[in-house]
Amino acid sequence: MSYDDNNIFAKILRGEIPCKKIYEDEFILSFYDINPQKKIHALVIPKGKYVDLDDFSQNASLNEMAGLLKGINIVAKKLGISLDGGEGYRVLSNIGENGGQEVPHLHFHLFGGEKIGKMVQ
Ligand code: AMP
């Protein structure tokens, strides 16, 4: 699947539509999910144009990969849900149709602030 420049997260990255920003650096942008499924529901997206985790794993640079993983940790700490200070959280990335992916720009969901419950329903 090729990258669609008109997806909603691409528009957020270009500043064309607003988001409730949590954190930003050269590799990632993090903001609150518009339709939270848990007490804390944040999204972390790479700044590069990657459709999903498969695309990212195959095509991103090692710096982008490190930046994204480190970014998830930075955001979790900022939200107070990482284990240094908080009580843990869940990271999830949906890939493709069977994975239930709706927005075709790689993103990680961070759920926390309460018990997240069953892993898959
Ligand atoms: P997924 O099903 O993994 O592709 O998740 C897409 C997520 O993006 C959903 O949880 C939506 O609620 C969220 N979402 C869609 N549009 C926006 C937006 N404008 N700002 C923040 N989150 C959004």
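Please treat every number below as a calculation from the coordinates, not as lab data. Please read all numbers here as calculations on a predicted model, not as lab measurements. Here Cβ is always computed from backbone atoms with ideal geometry, including for glycine, and neighbour counts include all displayed protein chains.
Computed over the chain, the per-residue total of -39500 (n - 2.57) for DSSP H runs of n ≥ 4 gives a 222 nm mean residue ellipticity of -8000 deg cm²/dmol, rounded to 500. For S2 and D25, a Förster radius of 22 Å and the Cβ-Cβ distance give a FRET efficiency of 0.25, rounded to the nearest 0.05.
Quick check on the range 8-112: take the gyration tensor over C-alpha atoms, sort the square-rooted eigenvalues as a ≥ b ≥ c, and tell me if it's rounded (a/c under 1.5), prolate or oblate. Please list the in-between numbers first.
Working: a/c = 1.36, a/b = 1.27, b/c = 1.07.
Rounded is the answer for the range 8-112, as its axis ratio a/c remains below 1.5.
Rounded to the nearest 10 degrees, the angle from helix 62-79 to the longest Cα principal axis of the chain is 30 degrees. With each label modelled as a point 7 angstrom along the Cα→C-beta vector, the L92-K11 pair spans 2.4 nm. Springs join every pair of Cα atoms under 10 Å in this Gaussian network model of the chain, and among G71, G48, G100 the largest mean-square fluctuation is at G100. Exposure proxy shown here: for K77, K115, the number of other Cβ atoms within 10 Å sets the order, fewest to most, as K115, K77.
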